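Taking it in order: structure first as structure tokens, then the write-up.
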Amino acid sequence: MADPNASRTVPEADALARAWRRVAHEIAEAHADGGAVILVGIQRGGVALAQHLGETLGGIYGQAVAVGSVEPGLHRDDLSQRGMAELRPTELTGDLANKVVVLIDDVLSTGRTVRASIDAVMAFGRPQCIRLAVLIDRGHRELPIRPDFVGKNLPTHPDEHVEVRTDNSGTPIAVTIKK
Amino acid sequence: MSWHRKHLLDIESLSAEELTTVLDTAREFKAVGERDIKKVPALQGKTVVNFFVEPSTRTRVSFELSAKRLSADIINFSADASSFQKGESLKDTARTLEALNADIIVIRHKAAGAPHFLARFLNAHVVNAGDGAHEHPTQALLDVFTIREKKGNIAGLNVTILGDILFSRVARSNIWALRKLGANVTLCGPSTLVPRVFEQMGCRVTYDLDEALTGADVINLLRIQHERQRKTMFPSIGEYARLFGLNRARLAKAKPDALIMHPGPMNRGVEIESGLADSDRAVILEQVTNGIAVRMAVLYLVNGGNAEEL
């Protein structure tokens, strides 16, 4: 019998990259105007994935897609319990009005990081809408938040930890579940 | 990220890693200050007390704005309007402030060590906003933040601090921060105000201004602290200006891109020629702007610190 404490790696690298390309096509299908789309990676797991998604989407739209980042740390609801977060840059330039902001994260779980990220984006302006794309949805939601685009649903135990690794281009190459 | 402290009492006890954490955090808060909406909810529901037992306008206002931009509630409690004149002790006053459920107490006091004293018995976080001639940690942090922003890093830079070193808490905190981050520090001023003992802090001490300025990357000018010294430390303001005031001719000794800094309030025509204060070499107003970012970082970090460390 396998050691229950060992980490497991799922799924295969090819499958991950294909799933992430499918997400790009789904975003393009839902939002025909590529000029209105801004991909915003959530610090820090979502930033490399947003870059990679931006390149794929640029190819689909035939025009460059805006990519930015957002730091949710200052808007978190658990600052008192967990101590202060390390802060990384928020890069959102230009007017957000009439724009489709697609938040990008590697792993979606409780939804609290997404909630904080939505507030952080709102401090910059009022986009036409905010969507959510994640590579992995591992469940255990604590807030009424639902992703619009999902690479892979991954059933996990609440006390497990899910880690996504990307290569230099931001292509997802491994997902590891740790105890 | 390296920060677990409950208080910010001095620079002397901080490590280079802790200093860098504050500077990196401040960089993100500076970006917040440049946005249309300059407020974040990080300290929402927290209460900060500005407990100033010595007059100060700019530091108090800077802390006030910093706390507000973090969504904390802040009240100002200053000595002239307080119970000290009625005979209450510092300890009792601080306890009274804490009984208001203050989460962070920012203290300015004329006695060195007052913040350390409060930190021993208060549950609240304590931030030193200047204690006597001892330390002024947030001023040093905003100074090194400004230098790092302009020069890229601190290590290897030649920094000259000019003026009243003996009575200056700004000088002491700056020397600690600069030395920990690897800068070469030169001190210069009248010998009565720049004792040789500062060489023990790893500084070069010289009474020749031209020598002090040669090759400098940064010149930090300190105000003569009239309120802290006796009249006999140097003959006259006029003589001080002639011997140690920074002017264009003397500035030529420094590197061509040397920064001119001043913690304020400055005395034009004494420690600095008026035209230089307004030149593009001076970063005096940027220091003020950076002060808010650095103080936001300090309030944010100490609020998260819960270790038993002081």
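Data table
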| item | result |
| --- | --- |
| Criterion (out of contact with any Gly (no Cβ under 9 Å at 6 or more places or on another chain), aromatic (Phe, Trp, Tyr) and within 12 Å of chain A (Cβ to nearest Cβ)) met by exactly one of B:Phe84, B:Phe117, B:Phe51, B:Phe29 | B:Phe29 |
| Selected residue (criterion: surrounded by the fewest Cβ atoms within 10 Å (Cβ to Cβ)) from residues of the stretch A:113-131 that are within 13 Å of the chain's Cα centre (by Cα) and of a type in the set (S, T, N, Q) | A:Thr113 |
| Segments classed as strands (runs of 3 or more DSSP E), wholly inside the stretch A:60-179, with at least 1 members that are of a type in the set (Ser, Thr, Tyr) | A:66-70, A:161-166, A:172-178 |
| Residue list for the stretch B:214-240, filter: farther than 18 Å from B:Asp280 by Cα and modelled with pLDDT of 90 or more | B:Thr214, B:Gly215, B:Leu222 |
| Considering residues of the stretch B:249-271 that are in contact with a Gly (Cβ under 8 Å, 6 or more places away or on another chain) and at pLDDT below 95 only, the residue nearest to B:Phe63 (Cα to Cα) | B:Glu271 |
| Search result, residues across the stretch B:32-48 that are within 11 Å of chain A (Cβ to nearest Cβ) and either assigned to a helix (DSSP H, G or I) or surrounded by 22 or more Cβ atoms within 10 Å (Cβ to Cβ) (or both) | B:Val32, B:Val40, B:Ala42, B:Leu43 |
| Single match in B:Leu97, B:Leu8 (criterion: away from chain A (no Cβ under 14 Å) and hydrophobic (A, V, I, L, M, F, W, C)) | B:Leu97 |
| Options A:Val134, A:Val101, A:Val175; residue that is modelled with pLDDT under 95, within 30 Å of A:Asp14 (Cα to Cα) and buried (at least 21 other Cβ atoms within 10 Å of the Cβ) | A:Val175 |
| Of residues in the stretch A:42-94 being free of Cβ contacts under 8 Å to residues at least 12 places away in the same chain and either facing chain B (nearest Cβ under 9 Å) or more than 17 Å from A:Arg21 (Cβ to Cβ) (or both), the one surrounded by the fewest Cβ atoms within 10 Å (Cβ to Cβ) | A:Gln81 |
| Sole residue being more than 19 Å from B:Arg108 (Cα to Cα) and without any contact (Cβ under 8 Å) to a residue 40 or more places away in the chain, chosen from B:Lys38, B:Lys46 | B:Lys38 |
| Count of the stretch B:231-272 residues which are assigned to a strand (DSSP E or B) and of a type outside the set (A, V, I, L, M, F, W, C) | 1 |
| Residues (hydroxyl-bearing (Ser, Thr, Tyr) and either facing chain B (nearest Cβ under 9 Å) or touching a strand residue (DSSP E or B) at 6+ places or on another chain (Cβ under 9 Å) (or both)) located in the stretch A:95-122 | A:Ser109, A:Thr113, A:Ser117 |
| Count of the stretch B:131-144 residues which are under 8 Å from the mean Cα position of the chain (by Cα) and over 11 Å from B:Arg172 (Cα atoms) | 4 |
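The values are calculated or read from the model by the stated rules, or taken from the named source; none is laboratory data. Computed from a prediction, not measured in an experiment: that's the story for all the values here. Cβ coordinates were reconstructed from backbone atoms using ideal geometry, including for glycine residues, and neighbour counts include every protein chain displayed.
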